[in-house]
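In what follows, a single structure is set out as structure tokens and then discussed.
The values are calculated or read from the model by the stated rules, or taken from the named source; none is laboratory data. Remember, it's a predicted structure, so these values are computed and weren't measured experimentally. Here the Cβ positions follow ideal geometry from the backbone for every residue, glycine too, while neighbour counts run over all protein chains shown. Just so you know, the surface numbers come from the protein's heavy atoms only, side chains and all, with ligands and any DNA or RNA stripped out. Shrake-Rupley method; radii C 1.70, N 1.55, O 1.52, S 1.80 Å.
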Amino acid sequence: MREKEMPTLLTRRQILAAGVAMAVPFLTKEQVAAAPEPRTAGLRLTAGTRTLAVNGKPARVFGLVGPNGSPGLTLSPGERFHVELVNQAGTSTIIHWHGQLPPWKQDGFPWSQTPPIPAGETRSYDYAPIAGTYWMHSHQDMQEQSLMTAPLIVRSAEDMRADRQEVVLMLHDFSFKTPEELLADKTKSKSAMPKSGMGNYMNVDSGSMGAMNMGPGMAKHLNDIDFDAFLANDRTFADPEVIRTEPGGRVRLRLINAASSTQFWIDLGALSGTVVAVDGRPVRPVRGSRLPLAMAQRLDVLIDLPGKGSYPIFAQVEGKRARTGIVLAASGAPVSRLAAEAGEDAPPVDLSLEGRLEAVTPLAPRAPDVTHRVILAGSMAPYAWSLNGEYWPNVTPLMVGVGQRVAIEMLNRTMMAHPMHLHGHAFQVFAVNGARFTGAVRDTVLVPPMGSVTIAFDADNPGRWAFHCHNLYHMMTGMITELRYPAII
């Protein structure tokens, strides 16, 4: 097990600084109070390749490495996103800053006006970032599945004053096959039932929030792809990352589901936590120990450790026993070997948490100026997925005007949940399966099988913006459309 070591002099500040996972840098209160020094050159972010050991076998994958040699970027309070993206991956790429709100030509989507970055070239970015837990990933072909992803943490002054150890837990699904081979296995399949059989179809309780419109005994589909492993910070439970903490320490756990086609239940085990942000945006505190996390979503969870022990944080795949995770352990506490499988299959990821979330800063009350209805459709055989009966790139854009309050009603006509992500805007969830409430502000929401979700946002970021299912295999077979402002060509 790889461990984050504690320093010799155990002051609280040094303990916290040494214990931060995934290279989240520590700043003192004095540094927080001081304005960031202006930089003439951007932070260097390198897209490249690396060799990763997965269960003892080497695999060649992509990576996004920051200026300190660690994955991704962490920005200080008030710091601009001033970045030089250097492409050393040996192939073209383009990186999307998931959940951030840059001008549209800096969003990292391969429109004709913003083509991918050729190998060996550099592209500059400069905008004011939104504080919170975000991530970055390729929007070129299927590079995301090959781990062209990394955390993007933008810290606030409030984060620094909280005096909590920060831990980033980033989840992936992994296969030794290429993504193209995995997709080919689906598109050439003659059967709607995946090869793995068990654990991919589950009965649904028609009373659950995630399936209100489904009758008793109906089955929804889970887990399109049979992966070889599930990773937490690039490691499996055969050799998990152990993050050393102060005994009785206070932790801010930043959870990122960067998996391409897998949803997880986060199980805090013996611990209990308080959800304080989703998709980077603050919410009213919600207590819990078992939390659903759909593809591309993030959770910020505050945890107060009870003593000097070790505490595994599990991420279990919906519909399966497979799990991964990390271990939080006090300095000197022993860490036992952990089973890679739970005792029973996890249920489908649902919207049980969604209905409890309330934004700290909601949208101002206002009726929508325009409402778009989007029908989510598709099937396992043939393996193809659509929005409003259209398949990318042959789509009719959803048109919006500057200053409008826009509502989007998503109606899922499939037996599979779809994590829907809108680029360039933060939206508020207002209804699930017809039940209205004033929910979280976020950028990715799960639309349940045969159910519906309504979101709303203010059209305040002119440009061309992708709107798509964040299951990579659904997106690659058509489940993507465009939200467009007038006068944008």
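Some values worked out for this structure:
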| item | result |
| --- | --- |
| Given (1) in contact with a Lys or Arg (Cβ under 9 Å, 6 or more places away or on another chain); (2) within 20 Å of Gly72 (Cβ to Cβ); (3) open to solvent by 10 Å² or more (accessible area, probe 1.4 Å), number of the condition Phe264 does not satisfy | (3) |
| Matching residues in the stretch 409-459 - criterion: being open to solvent by 10 Å² or more (accessible area, probe 1.4 Å), assigned to a loop (DSSP other than H, G, I, E, B) and in contact with a Ser or Thr (Cβ under 7 Å, 6 or more places away or on another chain) | Asn433, Gly434 |
| One residue from Asp350, Asp345 being touching a Pro at 6+ places or on another chain (Cβ under 9 Å), modelled with pLDDT of 95 or more and surrounded by 15 or more Cβ atoms within 10 Å (Cβ to Cβ) | Asp350 |
| Qualifying residue in the stretch 302-314 (condition: touching a Gly at 6+ places or on another chain (Cβ under 6 Å) and of a type in the set (Val, Ile, Thr)) | yes |
| Residues being in a strand (DSSP E or B) and charged (D, E, K, R) - total across the stretch 164-177 | 2 |
| The stretch 321-342: number of residues that are basic (Lys, Arg) and crowded, with 22+ Cβ neighbours inside 10 Å | 1 |
| Inter-residue pairs, beta-carbon under 6 Å, first in contact (Cβ under 8 Å) with a residue 12 or more places away in the chain and within 20 Å of Arg366 (Cα to Cα) and in the stretch 406-421, second assigned to a loop (DSSP other than H, G, I, E, B) and open to solvent by less than 10 Å² (accessible area, probe 1.4 Å), 6+ apart | Val406/Val400; Val406/Ala459 |
| Top-ranked residue of the stretch 226-244 - restricted to ones that are assigned to a strand (DSSP E or B) and among the small types (Gly, Ala, Ser), ranked as surrounded by the fewest Cβ atoms within 10 Å (Cβ to Cβ) | Ala229 |
| Those residues of the stretch 112-126 which are assigned to a loop (DSSP other than H, G, I, E, B) and either surrounded by fewer than 17 Cβ atoms within 10 Å (Cβ to Cβ) or of a type in the set (Val, Ile, Thr) (or both), in sequence order | Ser112, Gln113, Thr114, Pro115, Pro118, Ala119, Gly120, Glu121 |
| Considering residues of the stretch 140-163 that are part of a loop (DSSP other than H, G, I, E, B) and in contact with an Asp or Glu (Cβ under 9 Å, 6 or more places away or on another chain) only, the residue surrounded by the most Cβ atoms within 10 Å (Cβ to Cβ) | Leu147 |
| Hits in the stretch 473-489 - residues which are in a helix (DSSP H, G or I), touching a strand residue (DSSP E or B) at 6+ places or on another chain (Cβ under 6 Å) and either open to solvent by less than 10 Å² (accessible area, probe 1.4 Å) or not hydrophobic (A, V, I, L, M, F, W, C) (or both) | His474 |
| Residue in the stretch 249-266 that is β-branched (Val, Ile, Thr) and outside any strand (DSSP E or B) present | yes |
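Table: residues versus (1) modelled with pLDDT of 50 or more; (2) over 17 Å from Pro382 (Cα atoms); (3) part of a loop (DSSP other than H, G, I, E, B).
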site: Leu183; (1), (2), (3): yes, no, no
site: Ser191; (1), (2), (3): no, no, yes
site: Lys195; (1), (2), (3): no, no, yes
site: Gly215; (1), (2), (3): no, yes, yes
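Every residue, every condition in (1) among the basic types (Lys, Arg); (2) part of a strand (DSSP E or B); (3) at pLDDT below 95; (4) within 22 Å of Phe174 (Cα to Cα), yes or no:
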{"position": "Thr8", "(1), (2), (3), (4)": "no, no, yes, no"}
{"position": "Arg44", "(1), (2), (3), (4)": "yes, yes, no, no"}
{"position": "Glu84", "(1), (2), (3), (4)": "no, yes, no, no"}
{"position": "Leu101", "(1), (2), (3), (4)": "no, no, no, no"}
